[in-house]
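One structure below.
The values are calculated or read from the model by the stated rules, or taken from the named source; none is laboratory data. Values in this document were obtained by computation on a predicted structure and should not be read as measured data. When we count neighbours, we look across all protein chains shown, and the Cβ atoms used for this are built from the backbone with ideal geometry, even at glycine.
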Amino acid sequence: MNPHTHCLRSLCAFLAALVLAACLACPALADAPLVRDEYGLFDADTLAQLESSAEDASAGHDCDVYFLTVNSIGDTDQRAYAKNYYVQNDLGSGNGKSGILFMIALGSRKYVTITYGGGVTAFTDYRIEQLEDEVVPLLSDGDYADAAQTYIDLCASTLDFYAENGEPLDYDNDPDGGLGLIGILIVVGIPMLIAAVVCGILYSRMKTAQLKTEADDYIGAGLKLRVKTDRYTHTDRVEVYDPPQPESDSGGSTTDSDGFGGSSGGSF
């Protein structure tokens, strides 16, 4: 064998071994980021902290938690933009591409939440509404880092609940969703107490009222009816269309034709 050829092969093998060793030593380099700050909203320390939180929230659940910032989505609907981004960037965990993504477009101040795969099951419509109710006010106030951290924390607690209970967090099993005994006493008891006080005051002022037992007692003095007749004239009937109402509190998650769940989004 030509010694030059032998040396070349040895060098190639050595370089290949170095590349493989570098990849094995730095597996995180192959992972796509979960917090994708394409707008450049966060400084390096904040971005690193949010990424670490998102990784912890996703770990062990086979469902990736994404937070995305972009500048402008043009004339595209925010939900359609987020769905296209999810697909084009091959996001999601496992074969089912399971995940949840919250996107904000700073240029147009739009937001949306989308879910896919196992994320659709884990994040019910009820829970997504709760999530957005917590996050959007922070966005409106310009507290973007707090909004991102709050979103990630809520995702973590939602995935933990699903793992611990074997069912997603929904309106009928939310431990913080019910009024409880104290809440019922406040909501029902206080109005009843106020009504009783008002009725007692009104009753105490009706000292001159006397109960009448005869119909004639309610006819003015001197009024005499010479003829009393009842004559049927007609019957009025009004028909009002009552459309069927959608089921309320049906729970679960709704999906579109592409299999994505989530919200329709809005503005902040």
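Regarding ASP133, is this residue modelled with pLDDT of 95 or more, out of contact with any Ser or Thr (no Cβ under 6 Å at 6 or more places or on another chain), closer than 19 Å to GLY266 by Cβ and not aromatic (Phe, Trp, Tyr)?
yes
For the range 55-66, indicate whether the set of residues that are surrounded by 22 or more Cβ atoms within 10 Å (Cβ to Cβ) and either modelled with pLDDT under 95 or in a loop (DSSP other than H, G, I, E, B) (or both) is non-empty. Steps first, please.
Kept after step one, since they are surrounded by 22 or more Cβ atoms within 10 Å (Cβ to Cβ), are these residues of the range 55-66: 57-58, 63-66.
When the remaining residues are screened for being either modelled with pLDDT under 95 or in a loop (DSSP other than H, G, I, E, B) (or both), the result is 63.
Checked the range 55-66: at least one residue is surrounded by 22 or more Cβ atoms within 10 Å (Cβ to Cβ) and either modelled with pLDDT under 95 or in a loop (DSSP other than H, G, I, E, B) (or both).
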Search result, residues across the range 126-149 that are hydrophobic (A, V, I, L, M, F, W, C), more than 15 Å from ASP170 (Cα to Cα) and either surrounded by 19 or more Cβ atoms within 10 Å (Cβ to Cβ) or touching a residue at least 24 places away in the same chain (Cβ under 8 Å) (or both)
VAL135, VAL136, LEU139, ALA145, ALA147, ALA148
Quick check on this structure: which one of GLY107, GLY117, GLY166 is exposed (fewer than 14 other Cβ atoms within 10 Å of the Cβ), touching a strand residue (DSSP E or B) at 6+ places or on another chain (Cβ under 9 Å) and small (Gly, Ala, Ser)?
GLY107
Residue by residue through the range 235-268, note down the ones that are out of contact with any Phe, Trp or Tyr (no Cβ under 9 Å at 6 or more places or on another chain) and modelled with pLDDT under 60.
VAL240, TYR241, ASP242, PRO243, PRO244, GLN245, PRO246, GLU247, SER248
Sole exception among (1) among the aliphatic types (A, V, I, L, M); (2) farther than 16 Å from ASP37 by Cβ; (3) touching a residue at least 40 places away in the same chain (Cβ under 8 Å) for ILE152, by number:
(2)
Test set (1) out of contact with any Lys or Arg (no Cβ under 7 Å at 6 or more places or on another chain); (2) under 19 Å from ILE128 (Cβ atoms) - LEU68 fails condition number
(1)
Condition check for GLY180: on the phi > 0 side of the Ramachandran plot, modelled with pLDDT under 95 and more than 15 Å from the chain's Cα centre (by Cα):
yes
